[in-house]
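Everything on this sheet refers to the single structure shown next.
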Amino acid sequence: MTPELNWLSDPTVFAVNRLDAHSDHVCYRTVQEAAQRHSSLRQPLDGMWRFVWSSCPAKRPADFWREGADLSGFGTIRVPGHMEPQGYGQLQYTNTLYPWDGRSALRPPQVDLNDDPVGSYAREFDLDAGLRGQRVCISFQGVEQAMYLWCNGKFVGYAEDSFTPSEFDLTPYIKETGNRICVEVYKRSSAAWIEDQDFFRFSGMFRPVYLYAKPAVHLADIWLKAGLSEDNTTGLLTPELKLDGETEGVSVTLRLTDPEAMPCMKAL
């Protein structure tokens, strides 16, 4: 699939190859990892990224995502973090107006491509040992406002929706060593017409970014329904689980513990 710049102004395109939303539980390889609150199935990508800021799409380094592209002219930026407080672009506050009012005569869902700053991000990394040989996904916990993603020169996906996570499957593109992730972040898209509140206008990858591995059998989603009985002292906790991967013949064991790690419930 070839990414298109016109997705920015098309309200019917707000996610391309983005994984379905799911619960924000953390998966651990062992009980010991869970007790230590450290998962070998996750690899953070926070820190300093290679970066170029452009005032509009026409001025961006359009081919920086290609494998082997020369990034020697790039600066750096900290992730997570907005661009503007780090010296890229203009801080802006609006209340009852849209950010472009008085500058561009737009109608929904139009975007002024002459006034849509772009951040071009790149990060190189090797896979941690705990993720190798497994399905690998990437999670962007918050990107304002629209993003295009490439991995090792291959287009992966697109997403809008600044304030919820966007996740993508990197398995077809990822290598054990020598990986390069490239992200284009656009300050405005058609989503700007509805993501409008009384606040300062920022852009960038402002929440954590991390990789996570999916084992052969993976708990993809969990929903815990808590019901209170008429006596107001007892109740029923009903879990609904969604598994993916090699799930045929798989059984699930559930164990509920209190803050002191004492078992409260065990069920098969």
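The values are calculated or read from the model by the stated rules, or taken from the named source; none is laboratory data. Not measured: the values here are computed from a predicted model. Note: ideal-geometry Cβ built from the backbone for every residue, glycine included; neighbour counts use all protein chains shown. Ligands, DNA and RNA are stripped out before the accessible areas are found, and what is left, the full protein with its side chains, is counted by its heavy atoms. Shrake-Rupley method; radii C 1.70, N 1.55, O 1.52, S 1.80 Å.
For the residues GLU184, GLU195, the requirement of being out of contact with any His (no Cβ under 7 Å at 6 or more places or on another chain) and either part of a loop (DSSP other than H, G, I, E, B) or of a type in the set (A, V, I, L, M, F, W, C) (or both) singles out GLU195. Remark: pairs (first residue in the stretch 194-223, under 28 Å from PHE125 (Cα atoms); second residue hydrophobic (A, V, I, L, M, F, W, C) and exposed (fewer than 13 other Cβ atoms within 10 Å of the Cβ); Cβ separation under 6 Å; 6+ apart in sequence or on different chains) = VAL217/VAL250. For the stretch 214-247, the candidate set comprises residues that are over 22 Å from THR30 (Cα atoms) and among the acidic types (Asp, Glu); within that set, the residue that is most open to solvent (accessible area, probe 1.4 Å) is GLU230. Selection of the stretch 230-250 for residues being modelled with pLDDT of 90 or more and not in a strand (DSSP E or B) yields GLU230, ASP231, ASN232, GLU246, THR247, GLU248, GLY249, VAL250.
Note on the stretch 57-73: among residues that are of a type outside the set (D, E, K, R) and open to solvent by 30 Å² or more (accessible area, probe 1.4 Å), the one that is nearest to the chain's Cα centre (by Cα) is TRP65. For the stretch 74-95, the tally of residues that are in contact (Cβ under 8 Å) with a residue 12 or more places away in the chain, exposed (fewer than 15 other Cβ atoms within 10 Å of the Cβ) and closer than 20 Å to ASP198 by Cβ stands at 5.
When GLY102 is tested against (1) open to solvent by 60 Å² or more (accessible area, probe 1.4 Å); (2) of a type outside the set (Phe, Trp, Tyr); (3) on the phi < 0 side of the Ramachandran plot, exactly one condition is not met: (3). Looking across the stretch 200-213, the residues that are closer than 16 Å to MET83 by Cβ and either modelled with pLDDT of 95 or more or surrounded by fewer than 19 Cβ atoms within 10 Å (Cβ to Cβ) (or both) come down to PHE200, PHE202, SER203, GLY204, MET205, PHE206, ARG207, VAL209. Scanning the stretch 42-56 for residues that are open to solvent by 60 Å² or more (accessible area, probe 1.4 Å) and over 21 Å from VAL185 (Cα atoms) returns a single hit, ARG42. Against the test of being exposed (fewer than 15 other Cβ atoms within 10 Å of the Cβ) and more than 15 Å from LYS187 (Cα to Cα), the options SER39, SER23 yield a single qualifying residue, SER23. Within the stretch 121-130, the set of residues being more than 30 Å from ASP10 (Cβ to Cβ) and either of a type outside the set (A, V, I, L, M) or surrounded by 15 or more Cβ atoms within 10 Å (Cβ to Cβ) (or both) comprises GLU124, PHE125, ASP126, LEU127, ASP128, GLY130. Selection over the stretch 256-268 of residues that are touching a strand residue (DSSP E or B) at 6+ places or on another chain (Cβ under 8 Å), over 21 Å from HIS22 (Cα atoms) and either assigned to a strand (DSSP E or B) or open to solvent by 60 Å² or more (accessible area, probe 1.4 Å) (or both) gives a count of 7. For the stretch 31-89, a residue qualifies if it is β-branched (Val, Ile, Thr) and modelled with pLDDT under 95, and exactly one does: VAL31.
When VAL118 is tested against (1) more than 17 Å from the chain's Cα centre (by Cα); (2) open to solvent by 10 Å² or more (accessible area, probe 1.4 Å), only condition (2) is not met.
If the condition is being under 16 Å from GLY130 (Cβ atoms) and open to solvent by less than 30 Å² (accessible area, probe 1.4 Å), then the stretch 161-187 contributes LEU170, ASN179.
Check whether at least one residue in the stretch 170-180 is under 13 Å from the mean Cα position of the chain (by Cα), part of a strand (DSSP E or B) and not β-branched (Val, Ile, Thr), and report yes or no. Looking for residues that are under 13 Å from the mean Cα position of the chain (by Cα), part of a strand (DSSP E or B) and not β-branched (Val, Ile, Thr), one finds none in the stretch 170-180, hence no.
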